[in-house]
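S.K.: Here it is, the structure, as structure tokens.
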Amino acid sequence: MGNKFRSIETKHHEERDAFFKDLQRLDRRAFMRVAGISAGIVAGLGLRTPHSFQLVNVAEAQGTKPRFSFAYISDTHLYEQKLNDRFVRAILKAVDDVNALDPQPDFVLFGGDLAQLGQANELKLGAQILKSVKAPVKMMVGEHDWFLDMGELWRELFGAPNYSFDHKGVHFVVLNSILEKDFWTEKKLTPMERMKIVAGLDNGLQSRFEVGGAQREWMKQDLAKVDKKTPVIVFSHSPLYKYYKPWNFWTDDADEVQALLKPFEKVTVIHGHTHQLLSNQIGNISFHGMLSTAWPWPYAPEGLPKLTVQMNRPDPFSQFDGCGNGRMDVLESGLVDKLYNLWERNPITVRASYLASNGRQDAPPRTKLPSY
Amino acid sequence: MTFRMKLIVGTGALLSFAGGVALASGPEARPPAPEVKKHAVPVSKDGDLVVGLCDGETSLEVDGVKEGQKLTREQALRVSGALMEEWLKKNPDANWDPAPVVAQAPTPPPPSTQGPRSPPAVPRTPEKPASGGAMVGGGVKPESGGKDVKKQQGAAIQDGHTYGAFSERDEAIWAASTQAFVEEGNRVFHDAELVGGTVAVSCDMCHPDASNTHPETYPKYQVQLGRVALLRDMINWCIENPVRGKPLADDDPKMRAMEAYIYAKRKGTPLEYGKK
């Protein structure tokens, strides 16, 4: 770490590492004893993970067989390590998670907000850490990466923020959905002031997110080449619908973007930004929100999509509760089963059939506790 | 600066000692506080205690009690009674509530010789019959909450009641002062440096618009702390842990302002202390 400050989390992880090192030193006999006791405890508590983070065999119904999988890491909000090691530790944990997947995902989607304030050392630190991901990484931009230098360094590190690609019969579109109308020039704001305003959720000083006319035109032309029967998966940092305007859980031109996706039979939008379990279905489009590694946002006081199964209030005493990463299993049908790998809880799968049936089938388990 | 004592004589004739009520002042400039007329209490020639009434004019010298000495309960009751009499003479038309029964406290039993004893039991303040029942529109009941207060505004319930009458200007000053206090809390809540954080984490990062702070549930047993916590205890927990700063003192202006902001954001939420 190099820091003289050691947080409670750091100490916890040191103890944890020491514990696992000790385990490795156990001889076979002692190992069997420990394993036996652990299995006994698990059975005794009635703990059985319904769907583990590893690939599972799903019922081979119509189009529900996985075609391939990709994993995601999102909203890491990195500061440079000597200022804040908390969020750095979280992304490292996420990288370990996806590197441990067996079989490996076809690629890993990074869902945006790599940096907290768009600083060069934040973005470079993130880029460096993501290099240790074994699978190829697909990058998406978030507002925290963009508004200091209007994406200059991000583009230098990762290329264009909007692009498309085809993979195993699925057409993927990656959008930069965090553009905002100029609220800074007239107020004569410095780049850092602009960045800080955009980084806040509840200030009401900024404009709302949008994909913008130019990018919509690009998307239209890109989609014109795609057969309407081809499954389309869109990656967008902000949710491509209107959830809660005061916190920018919102994309102003969402309706126009949705209109472009309407002719396609199977459409999925995967988004970051909201740091919470979030599911929505609008017409033919399924929307899945991704978890953050840094911190969970509370649910907005209104506008929550009705198909969302809320996670209950995270425990503030646990750094990782309510945070995590996840995996999408792209099914033969072209839709995705979404696995939320919550670090301090049982994983939750939101199935394609749940969204496609408008909540009538395969409802994910609901918590009994309030979400506040 | 000599010891000054303000004697607040309320309708319940209960005695309370109130310190100066002032806005917590931070390092930054704030809208100037409205000037309050100072009650110049005359100085006693013999160095006796002088007590001022909260009307800002009436005062009384307490014979035999020196400045800085404590009044006994009996002396205090006598002083407050005399001050009230003086005030009623100056305001003969005041529609003052009649002195409640509690003022005529029974003679305390002779002091016991067996060490300290608790103060004499005070009889329960008599309640008005059928609280608020006789009022037009039902009045404000303990269970009626903020809605009914609004309904009553405009009803001329303060008519003829000199004490407690206030002007629109007063109300504007109160509202502006409260707003300034809440705004200060808003500022601290959104600024990692101001709140004393060392990892650039500010309160709003997890609590936009103070959501998920649920101040209305305090005090409550906080399982993770192993004790009953007030809102400020949890604010300090957050400052110490995710924010990694130093906890604030209870009377730190930043703590007071943040509490104000958090409560302001939950206006209208029913108080549900102890909620899990």
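The values are calculated or read from the model by the stated rules, or taken from the named source; none is laboratory data. Predicted model only: the values in this text are computed from it and were never measured. Here Cβ is always computed from backbone atoms with ideal geometry, including for glycine, and neighbour counts include all displayed protein chains. The accessibility values were calculated without ligands, DNA or RNA, using every heavy atom of the protein model including side chains. Shrake-Rupley method; radii C 1.70, N 1.55, O 1.52, S 1.80 Å.
S.K.: Counting only the backbone N, which residues of the stretch A:86-119 are under 15 Å from the spot 7 Å out from the Cα of residue A:156 toward its beta-carbon?
M.R.: Inside the label zone: A:118-119.
S.K.: Now for a separate question. Give A:245/B:265; A:220/A:262; A:242/A:262; A:266/A:338; A:196/A:306; B:45/B:89 a once-over and call out the pairs whose C-alpha atoms are over 20 Å from each other. Walk me through the numbers on the way to the answer.
M.R.: Values: A:245/B:265 17 Å; A:220/A:262 12 Å; A:242/A:262 17 Å; A:266/A:338 15 Å; A:196/A:306 32 Å; B:45/B:89 25 Å.
From the list (A:245/B:265; A:220/A:262; A:242/A:262; A:266/A:338; A:196/A:306; B:45/B:89), the Cα-Cα distance tops 20 Å for A:196/A:306; B:45/B:89.
S.K.: Based on Cβ point charges of +1 for Lys and Arg and -1 for Asp and Glu, what charge dipole magnitude is obtained for the stretch A:172-215 about its Cα centre, in debye rounded to the nearest 20? The partial results should precede the final answer.
M.R.: Working: 6 positive and 6 negative charges, 20 e Å.
Dipole about the Cα centre, nearest 20: 100 debye.
S.K.: Something else: Taking every Cα atom in the stretch B:158-265, find the radius of gyration and the maximum pairwise distance Dmax, and write them in Å.
M.R.: In order Rg, Dmax, the Cα atoms of the stretch B:158-265 give 16.9, 58 Å.
S.K.: Give me, ordered by chain and number, the residues 5 or more places off residue A:309 or on other chains with an amide H under 5 Å from its own placed amide H.
M.R.: The list, which skips near neighbours in sequence, is A:279.
S.K.: Let me ask another. Computed from the mean reciprocal separation of all distinct C-alpha pairs, what Kirkwood hydrodynamic radius does the stretch A:244-348 have, in Å? Don't skip to the end; give the middle numbers.
M.R.: Numbers: mean 1/r = 0.0677 Å⁻¹.
About 14.8 Å, per the Kirkwood formula over Cα pairs.
S.K.: Further question: Once phi is turned into θ = phi - 60°, what whole-Hz ³J(HN,Hα) does the Karplus curve with 6.51, -1.76 and 1.60 give for every residue of the stretch A:205-210, x standing for Gly and Pro?
M.R.: Once θ is set to phi - 60°, the couplings for the stretch A:205-210 become 8, 8, 7, 9, 5, 8 Hz.
S.K.: Using a Gaussian network model of chain A whose springs link C-alpha atoms within less than 10 Å, name the residue from A:211, A:226, A:141 with the highest mean-square fluctuation.
M.R.: For chain A, modelled as a Gaussian network with Cα springs under 10 Å, the answer is A:226.
S.K.: Something else now. Could you please state, rounded to a whole Å, how far the C-alpha centre of the stretch A:90-144 is from the C-alpha centre of the stretch B:219-271?
M.R.: Measuring centre to centre over Cα atoms gives 34 Å.
S.K.: Determine the distance separating the Cα centre of the stretch A:224-259 from the Cα centre of the stretch A:315-336; give it in Å without decimals.
M.R.: 20 Å
S.K.: Quick one: 3J(HN,Hα) in Hz for the stretch A:100-109, Karplus 6.51/-1.76/1.60 with θ = phi - 60°, rounded, Gly and Pro as x.
M.R.: Each residue's phi maps through the Karplus curve to give 8, 5, 9, x, 5, x, 5, 7, 10, 8 Hz.
S.K.: Taking every eigenvalue of the Cα gyration tensor of the stretch A:155-252, multiplying by 5 and rooting it, what semi-axes result, largest first, whole Å?
M.R.: On the way: eigenvalues 179, 44, 27 Å².
Here the semi-axes work out to 30, 15, 12 Å.
S.K.: Enumerate the amide H contacts of residue A:326 below 5 Å, restricted to partners 5 or more residues apart or on another chain; note that Pro and chain-start residues carry no placed amide H.
M.R.: Here the answer is A:72, A:341, since their amide H atoms fall under 5 Å of that of residue A:326.
S.K.: Using a 1.4 Å probe on protein heavy atoms only, how many Å² of accessible area do B and A hide from each other, summed over both chains and rounded to 100?
M.R.: Numbers: alone 19460 and 17810 Å², together 35140 Å².
When B and A are taken together, about 2100 Å² of accessible area is lost.
S.K.: Related question: Taking amide H atoms as placed 1.01 Å from N in the peptide plane, list the residues 5 or more away in sequence, or in a different chain, whose amide H sits under 5 Å from that of residue B:65.
M.R.: B:49
S.K.: Kirkwood hydrodynamic radius of the stretch A:82-208 from all distinct Cα pairs, in Å?
M.R.: Numbers: mean 1/r = 0.0626 Å⁻¹.
Hydrodynamic radius (Kirkwood, Cα only) of the stretch A:82-208 equals 16.0 Å.
S.K.: I've got another one for you. Per-residue accessible area for residue A:256 at 1.4 Å probe radius, Å² rounded to 10?
M.R.: The value for residue A:256 is about 90 Å².
S.K.: What list of ³J(HN,Hα) values in whole Hz, one per residue of the stretch B:223-230 in order, does the Karplus curve 6.51 cos²θ - 1.76 cosθ + 1.60 (θ = phi - 60°) give from phi, with Gly and Pro shown as x?
M.R.: Values per residue, Gly and Pro as x: 3, 5, 8, x, 7, 6, 10, 8 Hz.
S.K.: Could you work out [θ]222 nm for chain A from helices alone, using -39500 (n - 2.57) per DSSP H run of at least four and dividing by all its residues? Round to the nearest 500 deg cm²/dmol.
M.R.: -8500 deg cm²/dmol
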